[in-house]
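Presented below is the structure to which this report refers.
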Amino acid sequence: MGAGEELSTLVSVEFEVFGHVQGVYFTKYARDRCLELGLAGWIKNSKRGTIVGKMQGEKSKVEEMVSWLSKTGSPGSQIERCDLMNFEYIARQEFRGFSIRF
């Protein structure tokens, strides 16, 4: 058995972060954090003033990122809440790397 490869649980979840989260480099910080955690997916500013995205990876790493999105954020951001949608277990990641979309 490889280094926990067979035991890792891959999950996918979409998120939306509310609060003062645009104009404070939130997407850049979030992308960098996701790459550090080995997560794949995308993130972008929405027209409603929120941040939306989708991330996929090991369940524990996704949970760590959800905590970052809910509580930490980028310097200067003020997070009201982070909503999660369409949480699911997946066989493999559908994204390569983590990108900022426009």
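The values are calculated or read from the model by the stated rules, or taken from the named source; none is laboratory data. Note that this is a predicted model, so its numbers are computed, not measured. Every residue, glycine as well, gets a Cβ built from its backbone with ideal geometry; the counts of neighbours run over all protein chains shown. Quick note on the areas: whole protein, heavy atoms, side chains included, nothing else; ligands and nucleic acids left out. Shrake-Rupley method; radii C 1.70, N 1.55, O 1.52, S 1.80 Å.
Of note:
- If only residues of region 77-102 that are modelled with pLDDT under 95 and of a type in the set (Lys, Arg) are counted, the one that is farthest from Leu39 (Cα to Cα) is Arg92.
- Close pairs from region 64-84: first open to solvent by less than 40 Å² (accessible area, probe 1.4 Å) and assigned to a helix (DSSP H, G or I), partner modelled with pLDDT of 95 or more and hydroxyl-bearing (Ser, Thr, Tyr), Cβ under 9 Å, at least 6 apart: Trp68/Tyr29
- Count of region 30-50 residues which are of a type in the set (Gly, Ala, Ser) and surrounded by fewer than 19 Cβ atoms within 10 Å (Cβ to Cβ): 3
- Some residue of region 13-28 being in a strand (DSSP E or B) and either β-branched (Val, Ile, Thr) or under 11 Å from Phe98 (Cα atoms) (or both): yes
- Being open to solvent by 40 Å² or more (accessible area, probe 1.4 Å) and within 11 Å of the chain's Cα centre (by Cα) is a description that does not apply to Gly53.
- Scanning region 54-63 for residues being closer than 16 Å to Glu16 by Cα, in contact (Cβ under 8 Å) with a residue 40 or more places away in the chain and not polar (S, T, N, Q) gives a total of 3.
- Boolean, Phe102 is part of a loop (DSSP other than H, G, I, E, B) and among the hydrophobic types (A, V, I, L, M, F, W, C): yes
- Residue list for region 85-102, restricted to those being open to solvent by 80 Å² or more (accessible area, probe 1.4 Å) and of a type in the set (Ser, Thr, Tyr): Tyr89
- Members of region 43-63 that are assigned to a loop (DSSP other than H, G, I, E, B) and of a type in the set (Lys, Arg): Lys47, Arg48
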